[in-house]
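To start, the structure under review is shown below, and the notes come after it.
The values are calculated or read from the model by the stated rules, or taken from the named source; none is laboratory data. These numbers were taken from a predicted model, which means no experiment stands behind them. Positions of Cβ are generated from backbone atoms using ideal geometry, with glycine treated the same way; all protein chains shown enter the neighbour counts. Each accessible area value is taken on the protein alone, full model and side chains, heavy atoms only, with ligands, DNA and RNA left out. Shrake-Rupley method; radii C 1.70, N 1.55, O 1.52, S 1.80 Å.
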Amino acid sequence: MVDFGIQPALQQRADQLGSMSFLQHLEELRRRILWSLVGIAAGFGICWRFADTIYAYMQTPIMDALHRNGLDQKLVYLNPTEPFNMYLKIGLISGLFVASPWVLYQVWCFISPGLYRHEKKYVLPFMFSTVGLFLAGGLFGYKMVYPAALNFLIQYGKQFQPMITIGEYTDLFLTIIVGLGVIFELPIVVFFLSLMGIISAGWMWKNLRYSILVIFVIAAIVTPTTDIMNMCIFAAPMVALYLVSILIAWLANPKRRKARARAT
């Protein structure tokens with residue numbers, strides 16, 4: 001595997017952190033947070049420049065839904081500051097995503113001293129899987145969930161003249177797309193909880209039926225429509241991710257990790 005020099009640097013940093021005091025660990029955490037904020041600020045600056053182009057992609061689902069229902073394809077704003085605030089929000093959220101690999105690298109640098117030596121080689125898979133899962137969740141929402149929900153809502157009220165504001169639409173878009181992206185991070189969350197011994201694969205399997213119930217409750221809250229079909233579209237990938245997370249919890253079990261460390 002090509003490591004691009006990352007693995008030796010992480011190992012050297014881990015050796016340094018291993019002898020730190022509690023206050024020194026807090027100082028290291030502060031340093032990692034500051035570097036993450038620098039990356040986010042740089043990402044915001046880049047995305048602010050292209051906020052208009054990003055918004056053009058964001059408004060495609062609502063324009064398609066309005067066109068299919070024979071309605072005027074135009075959004076409105078109610079006060080002079082609304083367009084500026086909208087582009088500011090788009091730049092910030094997009095910048096956070098663009099900077100996410102750098103932020104995740106800072107997270108990994110901070111937690112890597114708590115991992116076994118052979119586990120530190122997973123820094124690149126960790127970053128790629130985290131970003132990849134978020135992308136998959138956002139793409140799933142953009143291509144499937146959000147257009148279906150908008151078409152249902154617009155069609156249900158097409159006897160009225162819509163006055164959809166750019167602020168309200170942007171908030172709804174970000175809630176659905178970012179929300180699904182975060183939900184798709186479930187395997188990563190389970191990995192860390194299992195790593196710390198908080199949950200186990202056996203516990204997750206034992207509580208499968210209750211977990212599915214919670215998933216459908218979350219889907220009912222998150223989905224912007226009230227129909228069962230859209231709720232099931234939301235819930236289906238969450239159930240699949242939960243099942244995948246059971247396998248990840250089994251692999252990340254502390255006892256199994258120690259056994260693999262002894263074997264290597």
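Share of carbon and sulfur in the accessible area of the stretch 79-194 stands at 75%, probe radius 1.4 Å. Among the protein heavy atoms, those of LEU251 account for about 80 Å² of accessible surface (1.4 Å probe, every chain in place).
The string of couplings for the stretch 51-59 from the Karplus curve (6.51, -1.76, 1.60, θ = phi - 60°) is 4, 5, 5, 4, 5, 4, 6, 5, 7 Hz, one whole number per residue in order, with x for Gly and Pro. Taking amide H atoms as placed 1.01 Å from N in the peptide plane, list the residues 5 or more away in sequence, or in a different chain, whose amide H sits under 5 Å from that of VAL76. When sequence neighbours closer than 5 places are left aside, the close amide H contacts are ILE164, THR165, ILE166.
Coupling constants for the stretch 93-107 follow from the phi torsions by the Karplus curve (6.51 cos²θ - 1.76 cosθ + 1.60, θ = phi - 60°), and in residue order they are 5, 5, x, 4, 5, 4, 7, 4, x, 5, 5, 5, 5, 5, 4 Hz; glycine and proline get x.
Label-to-label distance, ARG209 versus VAL107, with points set 7 angstrom from Cα along the beta-carbon direction: 3.4 nm.
Between PHE128 and GLN159, the contour length at 0.36 nm per residue exceeds the alpha carbon distance by 6.5 nm. Judged by the mean number of other Cβ atoms found within 10 Å, the most tightly packed of the peptides 75-81, 155-161 leads the ranking 75-81, 155-161. In order along the stretch 79-85, the Karplus-derived 3J(HN,Hα) couplings, from 6.51 cos²θ - 1.76 cosθ + 1.60 at θ = phi - 60°, round to 8, x, 7, 4, x, 4, 4 Hz, and Gly and Pro are given as x.
When Rg and Dmax are taken over the Cα atoms of the stretch 103-241, they come to 18.4, 64 Å.
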